[in-house]
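Chemist: My questions all concern the structure below.
Read the figures in this text as sums done on the coordinates, not as results from a lab. Quick caveat: nothing in here was measured; it's all calculated off a predicted structure. Cβ placement follows ideal geometry from the backbone for every residue including glycine, while neighbour counts extend to all protein chains displayed.
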């Protein structure tokens, strides 16, 4: 049977991923006069993490009380437990102010009171700093606003159902990509002078997660195979109060955070006792001040001690909150909960930590450039800015800010890049294209079952608490799954073949899971989101970042000094803040 001709697409800037970071990058690159191609395996602007984010956005606007980006920066560094790249953290906090005001200009609809944007006081912040649209729809509003801006610009071409399989390099530079068009099952080539990875994080690796299906670490694997380094891969943030029980339909599993912000829900163990302060933290006194890593630690230690709830978590109670206050804060949501048989004045919610965000990712400089010429990253795909633990509210700020910087940087490099012509690109892509076009017997490798097995391994042995024995078990299990998958791509070559897509996902997930295990095994201390039962406590000698590279089937693990900024006015402001 004759194969259809290979489609070759062309652009100045290719963006892999179309969530908040990808759309911000596209807008910035187009504003710089470049032709932009946004690709996503799902619908443009409707996949990824931004659209799922319900809550708040951290930025030092000073709308409610005096604030300064330097104070936000100090809180970000404190949350990161000494491992934040200071140039990246500064970029997030300083340029985040303009990014959030631009969203306001575009009509995102930040909540206001008395003519000023309302700012909530989130855990880890020293003052009210987090803006929101409302407490359950901030992410969708941000995504809608960005989609509207993208749609206005004719220089931005949007292509969904396009799964980027591998990046192409010539003379050490990324010059395009090989993709699988899911609707047709056919390979597609993309010529690009610059490429931005904006694919989000890796939390799909875990059985209990708040991720969309496309958050399996695709971008990390693409970067590794292209020769870029990853950083801080051991730091996976678990959201402490993910929903466990009773049964809840049509809600995000991390929906309880805004309730905690606004109404001060109490965390109780299975005996009905408040317990957070028992682990060295100040009693919350009806507020919500404990950081995510600390709350995660407290909940899981209570479960480990046999004081957990029936479903294996902690209770979140709002029974002390009058019904009038519940309705004033979340009227329509209270009715939706009632439809699920939940009355918060009577019912306690069972919650437990769920994989929510990844502090690690692709190593970049302050221009969002990787080690590989022509390759950039943005948003959660970037590692280093958040250190060992992300400060609450920084995720959307990071997506918008890093996306804009990556878009500008990629646009600046695009004119000087020598991109091979279509014939040369086709020759570069031939091995990957042939691999994609080779059919395997459907069902020969149960890839969906293997993904679930990998998620179980990561949940059980590479979760919030780790030890040497468990990490070695995980490494052995990942190797066994990789050997079972083999080198061939499972499934057929027709349109929308789920086995083939799962096979591509599993290939990436196994690679990224191995990176997490290697870094977690090497870091013999407990810091932030990385907790070792066999190595409790932080150690000064581990105030370093770990990087990982992949070449010719082998890993290289290295240690680098944390990137610091020179002494400046920042230090004075931070000292005054402290």
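Chemist: If I stretch the segment between residue 484 and residue 171 completely, what's the gain in nm (0.36 nm per residue apart, minus their alpha carbon distance), one decimal? Write down the numbers at each step before the final one.
Modeler: Details: separation 313, 0.36 × 313 = 112.68 nm, distance 3.37 nm.
Gain on stretching residue 484 to residue 171: 109.3 nm.
Chemist: While we're looking at this one, here's another question. For a label point 7 angstrom out from the Cα of residue 437 toward its Cβ, which stretches of region 182-225 have the backbone nitrogen within less than 19 Å?
Modeler: The answer is 182-191.
Chemist: Cut-off 19 Å, label point 7 angstrom out along Cα-to-Cβ of residue 98: give me the residues of region 352-383 whose amide nitrogen falls inside.
Modeler: Hits in region 352-383 for residue 98 at 19 Å: 365-369, 378-379.
Chemist: Next question. In deg cm²/dmol, rounded to 500, what helix-only [θ] at 222 nm does the chain give when every DSSP H run of at least 4 residues adds -39500 (n - 2.57) and the total is split over its residues?
Modeler: -12000 deg cm²/dmol
Chemist: Would you please report the Å³ per residue occupied by the convex hull of the alpha carbon atoms in region 240-353?
Modeler: Considering the Cα atoms of region 240-353, their hull volume per residue is 90 Å³.
Chemist: Separate question: Kindly identify region 439-539 as rounded, prolate or oblate by the Cα gyration tensor criterion: order the square roots of the eigenvalues as a ≥ b ≥ c, call it rounded if a/c is under 1.5, otherwise compare a/b with b/c, prolate if a/b is larger, else oblate.
Modeler: The shape class here is prolate.
Chemist: Right, something else. Nearest 10 degrees is fine. How inclined is helix 323-339 to the longest principal axis of the chain, computing both from alpha carbons?
Modeler: Rounded to the nearest ten degrees, it is 50.
Chemist: How do 229, 101 rank when sorted from fewest to most other Cβ atoms within 10 Å of their own Cβ? Don't skip to the end; give the middle numbers.
Modeler: Details: 229 20, 101 14.
Result, fewest neighbours first: 101, 229.
Chemist: Right, something else. Taking the Cβ of each residue in 396, 231 as the centre, tally the other Cβ atoms inside 10 Å and list the residues starting with the fewest. Provide the component values of the computation, followed by the final result.
Modeler: Values: 396 30, 231 23.
Taking fewest neighbouring Cβ atoms as first place, the list is 231, 396.
Chemist: Note the full-extension length gain between residue 533 and residue 311 as 0.36 nm times their separation in residues minus their Cα-Cα distance, in nm to one decimal.
Modeler: Taking 0.36 nm per residue and subtracting the Cα distance, the gain is 77.6 nm.
Chemist: I would also like to ask the following. If I model region 15-168 as equal point scatterers sitting on the Cα atoms and use the Debye formula, what is log10 I(q)/I(0) at q = 0.17 Å⁻¹?
Modeler: Per q value, in the given order, log10 I(q)/I(0) is -1.05.
Chemist: Relative to the longest principal axis of the C-alpha atoms of the chain, give the angle of the C-alpha long axis of helix 69-79, reported between 0 and 90° and rounded to the nearest 10°.
Modeler: Long axis of 69-79 versus the principal axis of the chain: about 90 degrees.
Chemist: Right, something else. Within 10 Å, count the other beta carbons around each residue, average over each peptide in 530-540, 32-42, and list them highest first.
Modeler: Ranking, from highest mean packing down: 32-42, 530-540.
Chemist: Assuming R0 = 41 Å, what is the FRET efficiency of residue 345 and residue 460, from their Cβ-Cβ distance, to the nearest 0.05? Could you put the intermediate results ahead of the total?
Modeler: On the way: r = 36 Å, r/R0 = 0.89.
Given R0 = 41 Å and the Cβ-Cβ separation, E is 0.65.
Chemist: Using the count of nearby Cβ atoms within 10 Å as a rough guide to exposure, how do 77, 454 rank from fewest to most?
Modeler: The order, fewest Cβ neighbours first, is 77, 454.
Chemist: I'd like the distance between the alpha-carbon centres of region 82-138 and region 518-532, rounded to an integer number of Å.
Modeler: 30
Chemist: Computed over the Cα atoms of region 479-526, what is the convex hull's projected area averaged over all directions, in nm²?
Modeler: On the way: hull surface 16.5 nm².
Quarter of the Cα hull surface area: 4.1 nm².
Chemist: For residue 555, project a label point 7 Å along Cα to C-beta. Then give me every residue of region 442-463 with its amide nitrogen under 14 Å of that point.
Modeler: Label zone hits: 458, 462.
Chemist: Here is a further query. What percent do you get for the relative contact order of the chain when only Cα pairs under 8 Å and 6+ apart count? Mind dumping the intermediate values first?
Modeler: Working: 1357 pairs, mean separation 124.8, N = 578.
The normalised contact order for the chain reaches 22 percent.
Chemist: Gain in length, residue 271 to residue 43, computed as 0.36 nm per residue apart minus the alpha-carbon separation, to one decimal in nm? Mind dumping the intermediate values first?
Modeler: Numbers: separation 228, 0.36 × 228 = 82.08 nm, distance 4.55 nm.
The residue 271-residue 43 span can extend by a further 77.5 nm.
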